[in-house]
Structures are given as C-alpha cells and as structure tokens.
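The values are calculated or read from the model by the stated rules, or taken from the named source; none is laboratory data. In this text the structure is predicted, and so the values were computed from the model without any measurement. All Cβ positions, even for glycine, are placed from backbone atoms using ideal geometry, and neighbour counts span all protein chains on display.
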Amino acid sequence: MKRRTLLAGAALGLGLGLSLGSAAFALDKVKACFIYVGPIGDGGWSFQHDQGRLALEKELGDKVETVYQESVPEGADSERVMTQMALSGCNIVFATSFGYMDAVNNVAKKFPKVMFEHATGYKRDSPNVSTYDARFYEGRAVMGTIGGLMTKSNKIGYIGSFPIPEVIQGINSSYLAAKKVNPEVTMSVVWAYTWFDPAKEADAAKALIEQGVDVILQHTDSTAPLAEAAKTPGVIGFGQASDMAEYKPSPRVSAIIDNWGPYYIKRVGELLDGTYAQGATWAGIGDGEVKIGEITEAVPPEVKAKAEEVRDAIAAGTLHPFTGPINKQDGTPWLADGETPDDATLAGMNFYVEGIEGVIPQ
C-alpha cells in the first residue's frame, strides 16, 4: 500500500527520523489495544476505527489479540485507561482521538517497551510513539463539489467539532471546492465543541437549516446531522468518517469513509516480523485511506461525473484541494497562482480562506 510520509515542519512537531524507535525483536503474538472517544455504535468515527480493529483480527487470526475500550473522554480518563492497557500486557496501543495526545506521550514515557500509535496527533516525545493521520480535506473537496452543484439556496453549512487545524482544513477545502463550481455559494460554520454528542450535533444542523442552508457537512462523529436533515425535504448531507448508508439515497448523497484497517494490519504485522519502527504518516485518497462512498441516484449524473473527476484527480496527484490563487479571510494573499502549501503549513492551518463567514473561536 502506498503511503506518504510526513517529514516537514519540525516547529510543529511534524519532523522526525523514522528510525528513532523500533521493536527490538519479532513477536510471536501481538496484543493490540484500542481506545475510542465515542461508542463503537456511533455510526461514524469510532465505529470506523473499530471496523479497522475487526479487519486486523480477520487478517492476522490467532497471531493477534485485540482489546478495546469505548467512550473514553479525552484527558485524565484516557491516561488512566492507557496505563491500564500497558499494565495488562498490550504490546501496542492505538489511541484514536486528537485529544489523547498528551496522555499518549505521558504514558509512553512510563512504558518504553509498549508501542503507542496516536491518530491525528503530531507529538512524538518518546521513540515508542508514532502518529498516523488521514487527509480528510481531500474528501471534503469531493463533498464540496457535490454541495456546490446541488445547493438551491447557495447556502452551505458546516458543523465543526473543535477549532483545530484538521477541522479548519476541511472547512476551507469544502468551501473552495464548492466555490469553484458555484461562485454564488456562501458557507456558515457552527461549532459544536464536541466530537460525539448527538443532541448537540442535531441542534447545530437544525440551526443551519433554519438559516436556509440546504447542504450540510460535518466534522462530528454521529449520524444526528443526517437524521435532522432527513426531516426537511431538499436538504442533503454526507456520511462522515463512515458510510452512514442508512440515510441513502438522501439526505446522505455520498460519504467520506476512513479506511483504517490496512494501517492497523501493517503496523501489527511489523511487530510480528520485527520491522516495526517509529513513524508518522498522513495518507489520503490516493493511498486508499480516505475513500469516497457511493454517490447515490439523488445526485444528477453530471454532478456525479464532476465529483468523480475531482476524486480521481486528487488520487492521481494532479489536483491539490489548496491550489492558488487563494487569499485568507481578511483578503491578504496566501497562495499565489498555481502554488500549493507544504504539509507543515497545512498542519498548522488556523485561518479561514476568503469568503467564509464568521470567526474561528480561540
């Protein structure tokens, strides 16, 4: 599986030599432990990580034992759970939420023989800490293309979780893609300040619909925004992190699907064959880690064709979702004509692009 390695941006904690930490010898069997911020039945983020765990079991059989704990809040609770996992004999711990970052690094220092893998993070304070991420913003560009072409009100809404670069990347990418195919599009952002809270997510969707939004994107974990969209004819949305197929063919007209299984199989396999080393990856559509779900019959054929064109160009490396000229929200130039940002710049994104309404909370 092709996988791009993130090497730039030492100031952001993104630079490292990939051979700093490694498993000293091959293991006969691996105990792999997973910690989830939401329930595995959330239908989105945690569900999809658990699908990766199940794929790992299926692929490696009796060479692996897996354990998981769901609905673990970020902060002290996660540090306690990871400590217990290390004490219980876990050889590798996959911590699957951004806010687990400090806890991962704290626990890793105490258990140098346990490998820790942090999803969407960037700190690797010890040789036994690796990070892995997906280029979700690539999928957002495909969804933004569909939204820009399908909106009747020219109003697109976005439900953000927390104002971190990963989320801001997605907001900007989807807006730029929508604007490219529909110059009249506007985007409003509502911050839920949660990864998983169906009630808050539904309220955010309702607030956007009341503003006249007829296309909703989300960077939260439950199916609640789609359930809310289903109550209003003409409002469409997208599966987030998982297919959310129960809402096909509409309001769910496509989806961004996180495909974690191959990564989990690869990393545990490296513990088994003795080749495991500290790493940092940021993979996307071309790598197969970000997948675009079925585009349903609710999408006009010409819109589907355009979305597939964008998807395929990103996969081929001939289209970058952030290609200049692009200005920041305040009108100052960011990227010149034809220019694209490096990974370190993307990883530190803390601004809206020109045209997006509202202010990023501090």
Does ALA229 meet the test of being in contact with a strand residue (DSSP E or B) (Cβ under 8 Å, 6 or more places away or on another chain), of a type in the set (A, V, I, L, M) and more than 21 Å from GLY212 (Cα to Cα)? no
Identify, from the list VAL93, VAL37, the residue that is in contact with an Asp or Glu (Cβ under 8 Å, 6 or more places away or on another chain), outside any loop (DSSP other than H, G, I, E, B) and either surrounded by fewer than 16 Cβ atoms within 10 Å (Cβ to Cβ) or in the same structural domain as LEU272 (by TED's automatic domain parsing) (or both). VAL93
Search result, residues across segment 64-88 that are of a type in the set (Ser, Thr, Tyr) and not in a helix (DSSP H, G or I): THR66, TYR68, SER71, SER88
With the condition kept exactly as written, say whether any residue in segment 297-309 is over 19 Å from GLY147 (Cα atoms) and not polar (S, T, N, Q). no
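Yes/no matrix, rows are residues, columns are (1) at positive phi; (2) polar (S, T, N, Q); (3) in a helix (DSSP H, G or I):
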| position | (1), (2), (3) |
| --- | --- |
| LYS291 | no, no, no |
| ALA305 | no, no, yes |
| THR340 | no, yes, no |
| ILE356 | no, no, no |
For SER188, only one of the following conditions fails: (1) within 27 Å of GLY261 (Cα to Cα); (2) touching a residue at least 40 places away in the same chain (Cβ under 8 Å); (3) surrounded by fewer than 21 Cβ atoms within 10 Å (Cβ to Cβ). What is its number? (1)
Hey, any hits in segment 328-339 for a residue that's touching a Pro at 6+ places or on another chain (Cβ under 7 Å) and among the acidic types (Asp, Glu)? yes
By residue number, the members of segment 288-301 that are surrounded by fewer than 20 Cβ atoms within 10 Å (Cβ to Cβ) and in contact (Cβ under 8 Å) with a residue 24 or more places away in the chain are GLY288, LYS291, GLU294, THR296, GLU297, ALA298, PRO300
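Per-residue answers, yes or no, for (1) touching an Asp or Glu at 6+ places or on another chain (Cβ under 9 Å); (2) surrounded by 24 or more Cβ atoms within 10 Å (Cβ to Cβ); (3) farther than 19 Å from LYS152 by Cβ; (4) not assigned by TED's automatic domain parsing to the domain that holds LYS31:
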position	(1), (2), (3), (4)
TYR193	no, no, yes, yes
PRO198	yes, no, yes, yes
ASP203	yes, no, yes, yes
LEU217	no, yes, no, yes
ASP221	yes, yes, yes, yes
PRO233	no, no, no, yes
GLU246	no, no, yes, yes
TYR264	yes, yes, yes, no
Go through the residues of segment 343-359 one by one and say whether even a single one is outside the structural domain of ALA178 (by TED's automatic domain parsing), more than 15 Å from TYR137 (Cα to Cα), under 20 Å from the mean Cα position of the chain (by Cα) and touching a residue at least 12 places away in the same chain (Cβ under 8 Å). no
Filtered residues of segment 254-277 (kept if assigned to a helix (DSSP H, G or I) and either closer than 16 Å to MET244 by Cα or over 16 Å from the mean Cα position of the chain (by Cα) (or both)): ILE265, LYS266, ARG267, VAL268, GLY269, GLU270, LEU271, LEU272, ASP273
